[in-house]
Amino acid sequence: QVQLVESGGGLVQPGGSLRLSCAASGFTFSSYAMSWYRQAPGKERELVARITTIADTTNYAASVKGRFTISRDNAKNTVYLQMNNLEPEDPAVYYCNARKVTGNYSAINWWGQGTLVTVSS
């Protein structure tokens, strides 16, 4: 059974930091690119950060570049999102995603249940 379990969300003041974790099980973690998405109320889900299977490449949304860092530990089947200098625009439910391309037009996607991040003074 595939599981992606996020943790680490919570309430933080503007300028503060949080570290999200996503523990994966039920699939070959090292074969999947891992990403963090977020969805704020009334908005579409957006990609925050992505990391390739062997962590040789990372990509970030412009709004978080320089503040957030994605990393992974394939030995622990876990992906992390270090969020620094959190801003009032960052609150959302943050979702972990695992993706593996299986063909020219197909891919497998797994999603976690999300963890809530709130930024407030």
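The values are calculated or read from the model by the stated rules, or taken from the named source; none is laboratory data. Predicted model only: the values in this text are computed from it and were never measured. Quick reminder, even Gly has a Cβ in these numbers, built from the backbone with ideal geometry, and neighbours come from all protein chains shown. Please note that ligands, DNA and RNA were not included when accessible areas were found on the heavy atoms of the full protein model with its side chains. Shrake-Rupley method; radii C 1.70, N 1.55, O 1.52, S 1.80 Å.
Among 106, 71, 35, which is more than 11 Å from the chain's Cα centre (by Cα) and not aliphatic (A, V, I, L, M)?
Details: 71 fails: more than 11 Å from the chain's Cα centre (by Cα); 35 fails: more than 11 Å from the chain's Cα centre (by Cα).
It is 106.
For the range 101-114, give me the residue count where each residue is part of a loop (DSSP other than H, G, I, E, B) and either at pLDDT below 95 or open to solvent by 40 Å² or more (accessible area, probe 1.4 Å) (or both).
First, the residues of the range 101-114 that are part of a loop (DSSP other than H, G, I, E, B): 104-105, 112-114.
Next cut, either at pLDDT below 95 or open to solvent by 40 Å² or more (accessible area, probe 1.4 Å) (or both) only: 104-105, 113.
Of the residues in the range 101-114, 3 are part of a loop (DSSP other than H, G, I, E, B) and either at pLDDT below 95 or open to solvent by 40 Å² or more (accessible area, probe 1.4 Å) (or both).
Please go through (1) under 21 Å from residue 121 (Cβ atoms); (2) touching a helix residue (DSSP H, G or I) at 6+ places or on another chain (Cβ under 7 Å) for residue 74 and return the number of the only condition it doesn't satisfy.
(1)
Please indicate, with yes or no, whether at least one residue in the range 46-53 is under 23 Å from residue 120 (Cβ atoms), over 12 Å from the mean Cα position of the chain (by Cα) and not charged (D, E, K, R).
no
May I ask you to list the residues in the range 74-91 that are on the phi > 0 side of the Ramachandran plot and under 15 Å from the mean Cα position of the chain (by Cα)?
Step one: list which residues in the range 74-91 are on the phi > 0 side of the Ramachandran plot, which gives 77, 85.
Listed by number, the list holds a single entry, 77.
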